[in-house]
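Quick notes on the structure that follows.
The values are calculated or read from the model by the stated rules, or taken from the named source; none is laboratory data. Keep in mind that what you see is a predicted model, and the values were worked out from it rather than measured. No Cβ is skipped: glycine too gets one built from the backbone with ideal geometry, and neighbour counts run over all protein chains shown.
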Amino acid sequence: MEAAGKKTELLTVKNSLRKQQNSLFVRRVLSNKMVVLGSVLTLLLALIAIFAPLITHYDPYQMEVSDRLKPPSAQHLFGTDNFGRDLMSRVFYGAQVSMGVGFAVALATSLFGMIVGLYASYYRVLDNVLMRICDGMMAFPSILLAIAIMAALGPRTENVMIALTIVYTPYVARAVRSAALVVREQTYIEAMKAIGAPSWRIIWMHIAPNTLSPLIVQATFIFADAIIIEAGLSFLGAGVPAPAPSWGNIVYDGKVVIFKAWWMTVFPAISIILSVLGLNLFGDGLRDLLDPQTNQAKK
């Protein structure tokens, strides 16, 4: 009975400590202005992308030639483009494409980069091969490598995701490998090897969880970079093909009439700026929360 009572008391204390830790983490998050502001901006744009059909009743593909290049008004809040299409609808639906590509690229690069980084850090033979490949890919500017891959694959939304995943996977692999190398030298990892634990168990059950912090931070920055590169590819005609609404496509359409219809360039450009700003603020703040040493160095 006494043992059962002590066990119950111990569980109660552990639950209480867990609640206190969660409460402390929430307070730390809310006290970090960059995380809060970045989260609000990113969440707002994500909600606009998700609920675009409910926010605007215009079809982003419907053309009304008689309404072409009309300035912002009560009927068309963002004005119309050079084909008479409602610009607000195209910008909001474009958020689905641009942010969807960015999210997919961040998710895919996190997965593949984690696999490459973990196995490169654990097996020295693989490390020499995989890291040299990553170094070679990182030697090229991201936009040039993405353009080269898109030239081979063709302008499609799925190909943009594939190209950007190839471009940014080495960056994630490098970050994961750096964190994994530190964890690999810990005493408990050596103990796991000594008792004959299988390699896959050591890698995925003991090393991988300790690399999640830098991985998540890196993913937020890649999310933002992917939005910029996707817009650049679409602007150059090598990304999402027209007439699909994409922020890069809309800016491309507006460059010809920028002095006559400024709204075609300004509104999608503001959307790109806000999304990238929100993700970068969120990533910077998250890095401060997850890496106390960085936060202390700034102070």
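Brief remarks on what is shown
- Against the numbered list (1) touching a residue at least 40 places away in the same chain (Cβ under 8 Å); (2) over 30 Å from residue 285 (Cβ atoms), residue 98 comes up short only at (2).
- Residue satisfying all of: in segment 158-200; modelled with pLDDT of 90 or more and basic (Lys, Arg); surrounded by the fewest Cβ atoms within 10 Å (Cβ to Cβ) among these: 174
- So residue 248, is it part of a helix (DSSP H, G or I), within 21 Å of residue 145 (Cβ to Cβ), touching a Ser or Thr at 6+ places or on another chain (Cβ under 9 Å) and at pLDDT 90 or above: yes
- Residue within segment 139-157 that is surrounded by 22 or more Cβ atoms within 10 Å (Cβ to Cβ) and under 28 Å from residue 51 (Cβ atoms) present: no
- When we screen 217, 240, 251 for residues that are buried (at least 19 other Cβ atoms within 10 Å of the Cβ) and free of Cβ contacts under 8 Å to residues at least 60 places away in the same chain, the only hit is 251.
- Among residues of segment 201-214 being under 29 Å from residue 280 (Cα atoms) and crowded, with 18+ Cβ neighbours inside 10 Å, the one that is nearest to the chain's Cα centre (by Cα) is 214.
- Residues of segment 81-122 satisfying the condition of being small (Gly, Ala, Ser) and not in a helix (DSSP H, G or I): 84
- Of all residues in segment 190-206, those that are free of Cβ contacts under 8 Å to residues at least 60 places away in the same chain have Cβ atoms under 6 Å from Cβ atoms of residues that are surrounded by 10 or more Cβ atoms within 10 Å (Cβ to Cβ), 6 or more apart or on another chain, in 192/202.
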